[in-house]
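Engineer: Questions regarding the structure given below will be posed in turn.
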Amino acid sequence: MQFTSEQRLDDVVYEREFTLDEIPGILWTPASASASAPVPLILLGHPPLGLRKMYPRLVARARQSAAEGFATATIELPGSGDRPRWPAAEQARADLRRAMEAGEPVSDEIVDALILPLVDKAVPEWQAALDVLLSLPEIGGPVGYSGGVISIGIRLAVVEPRIVAAGFFAGSFVPRAMFEEARQVTIPLHVLLQWDDEGNDRQAALDLFDAFSSKEKSLHANMGGHTGVPQFAGDAAARFFTRHLK
């Protein structure tokens, strides 16, 4: 990992941009974090829109987490932002847009092409980033995963034992194959669902929640569309991570 910039945003959080094998990322740590008092880590997932576009929302989540005593980190997803273009992913996104603009159902083939290769490429990159982040003296674990493409979170929850709790946002397409993986998820889960999310199949989101095998799982449904998440929903997620990471 090579740090490429650093700045103190305020008295609460310290921000460092980095690259890891040419993958851009950002690490936020509480200003009080040190080698003598390492803090837990939350991996911040996000949709494949690019870190620059997602930065305002990511840094807001990082500030809240830092105030609770957590470090947070994120990396650019394959084919997004400044990373090399990924023709297959761009074709899948174009097919998705075409179906939605035409008012047609989004086929399983489109969802599989859009999500499954992304999961296969992104999850090992998240794990590599986690290897390096946990080697930093100011970060001591345990680790949580929050938000982003829910299928990436599901795969990480299955294959990465260092992640002990996860907060999922039921707002992205989920391939049918991921339902079987969901049945292998046993860590505590906090799932947020926007009831009127225009781009999400509500029943599929409920079925996915039912598939999780976690003994502790909670579903928080709020009225409103995809971007209408209320502030108190973020507060509830913060309390969830405080319970399980501290």
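Engineer: Taking 0.36 nm per intervening residue step and subtracting the Cα-Cα distance, what contour gain separates Asp201 from Phe179 on full extension?
Structural biologist: 6.5 nm
Engineer: Can you tell me the 0 to 90 degree angle between the C-alpha axis of helix 231-245 and the longest principal axis of the chain, rounded to 10?
Structural biologist: It is inclined by approximately 60 degrees.
Engineer: So for the pair Ser32, Val132, with labels modelled 7 Å out along Cα→Cβ, what separation do we get in nm?
Structural biologist: Roughly 2.9 nm, to one decimal.
Engineer: Another question, then. Before I look further, what does region 175-246 give for accessible area per residue, probe 1.4 Å, in whole square angstrom?
Structural biologist: Here the per-residue accessible area is 55 Å².
Engineer: Taking the DSSP beta bridges in region 15-133 as the whole, what percent of them are antiparallel, to the nearest 5?
Structural biologist: 80
Engineer: Continuing with the same structure: Sort region 139-244 into rounded, prolate or oblate with this rule: let a ≥ b ≥ c be the square roots of the eigenvalues of the Cα gyration tensor; rounded if a/c is under 1.5, and if a/c is not under 1.5, prolate when a/b is larger than b/c, oblate otherwise.
Structural biologist: Oblate, since a/c reaches 1.5 and b/c is not below a/b.
Engineer: May I ask for the angle, rounded to the nearest 10°, between helix 51-67 and the longest principal axis of the chain, with both axes built from Cα atoms and the value confined to 0 to 90°?
Structural biologist: For 51-67 against the chain, the angle is about 50 degrees.
Engineer: At 1.4 Å probe size, with the rest of the protein present, what percent of the exposed accessible area of the chain is carbon and sulfur atoms?
Structural biologist: 53
Engineer: Quick one: Karplus J couplings for region 126-142, per residue in order, coefficients 6.51, -1.76, 1.60, θ = phi - 60°, nearest Hz, x for Gly and Pro?
Structural biologist: Ordered by residue, 3J(HN,Hα) equals 4, 5, 5, 4, 5, 3, 6, 4, 6, 7, 6, x, 8, 10, x, x, x Hz.
Engineer: For region 13-48, state which GluC sites (Glu not before Pro) are in a DSSP loop and have at most 11 other beta carbons lying within 10 Å of their beta carbon.
Structural biologist: Hits after loop and neighbour filter: Glu22.
Engineer: Excluding Thr4 itself, calculate the net charge of residues whose Cβ lies under 9 Å from the Cβ of Thr4, where each Lys or Arg counts +1 and each Asp or Glu counts -1.
Structural biologist: -1
Engineer: For the pair Glu22 and Asp112, what calculated FRET efficiency results from E = 1/(1 + (r/R0)^6), where r is the Cβ-Cβ distance and R0 = 25 Å, to the nearest 0.05?
Structural biologist: About 0.35, to the nearest 0.05.
Engineer: Suppose all protein chains stay in the model; what accessible area per residue would a 1.4 Å probe give for region 1-153, in Å²?
Structural biologist: Per residue, region 1-153 has 46 Å² of solvent-accessible surface.
Engineer: Excluding Ala62 itself, calculate the net charge of residues whose Cβ lies under 12 Å from the Cβ of Ala62, where each Lys or Arg counts +1 and each Asp or Glu counts -1.
Structural biologist: +1
Engineer: For region 164-169, take each phi angle, set θ = phi - 60°, evaluate the Karplus expression 6.51 cos²θ - 1.76 cosθ + 1.60, and give the result in whole Hz per residue in order, putting x for glycine and proline.
Structural biologist: 10, 7, 9, x, 10, 10
Engineer: Hey, what does the equivalent ellipsoid look like for region 1-72, semi-axes from the Cα gyration tensor as sqrt of 5 times each eigenvalue, largest first, whole Å?
Structural biologist: One finds semi-axes of 19, 15, 11 Å for region 1-72.
Engineer: What's the FRET efficiency of Asp235 with Phe3 using the Cβ-Cβ distance as r and R₀ = 41 Å, to the nearest 0.05?
Structural biologist: 0.85
Engineer: I'd like the Karplus ³J(HN,Hα) series for region 190-199: coefficients 6.51, -1.76, 1.60, θ = phi - 60°, whole numbers in Hz, and an x wherever there's a Gly or Pro.
Structural biologist: 10, 10, 9, 10, 8, 4, 10, 4, 5, x
Engineer: As an exercise, identify the GluC sites (Glu not before Pro) in region 177-244 lying in DSSP coil whose Cβ has no more than 15 other Cβ atoms within 10 Å.
Structural biologist: Those satisfying the criteria are Glu198, Glu216.
Engineer: Still on this model: Taking R0 as 41 Å, what's the FRET efficiency between Met100 and Asp11 from their Cβ-Cβ distance, rounded to 0.05?
Structural biologist: Step by step, r from the Cβ atoms, then E = 0.40.
Engineer: If you don't mind, another one. Could you give the radius of gyration (one decimal) and Dmax (whole number) of the Cα atoms in the chain, in Å?
Structural biologist: 17.4, 57
Engineer: Another question, then. For a quick check of your reading of the filter: which chymotrypsin sites (Phe, Trp or Tyr not before Pro) in region 5-96 sit in a DSSP loop and have no more than 11 other Cβ atoms within 10 Å?
Structural biologist: none
Engineer: Same structure again: Output the 0 to 90 degree angle, nearest 10, between the alpha-carbon long axis of helix 202-211 and the longest principal axis computed from the alpha carbons of the chain.
Structural biologist: With both axes taken from Cα atoms, the answer is about 60 degrees.
Engineer: Would you please calculate the Kirkwood hydrodynamic radius of region 19-151 over all C-alpha pairs and express it in Å, rounded to one decimal?
Structural biologist: 16.0
Engineer: Region 65-86 to region 8-24: how many Å between their Cα centroids?
Structural biologist: First find each Cα centre; the distance between them is then 10 Å.
The values are calculated or read from the model by the stated rules, or taken from the named source; none is laboratory data. None of these values were measured; they are calculated from a predicted model. Cβ sites come from the backbone with ideal geometry, for glycine too, and all protein chains shown count toward neighbours. These area figures cover heavy atoms from the full protein model, side chains too; ligands, DNA and RNA do not enter into them. Shrake-Rupley method; radii C 1.70, N 1.55, O 1.52, S 1.80 Å.
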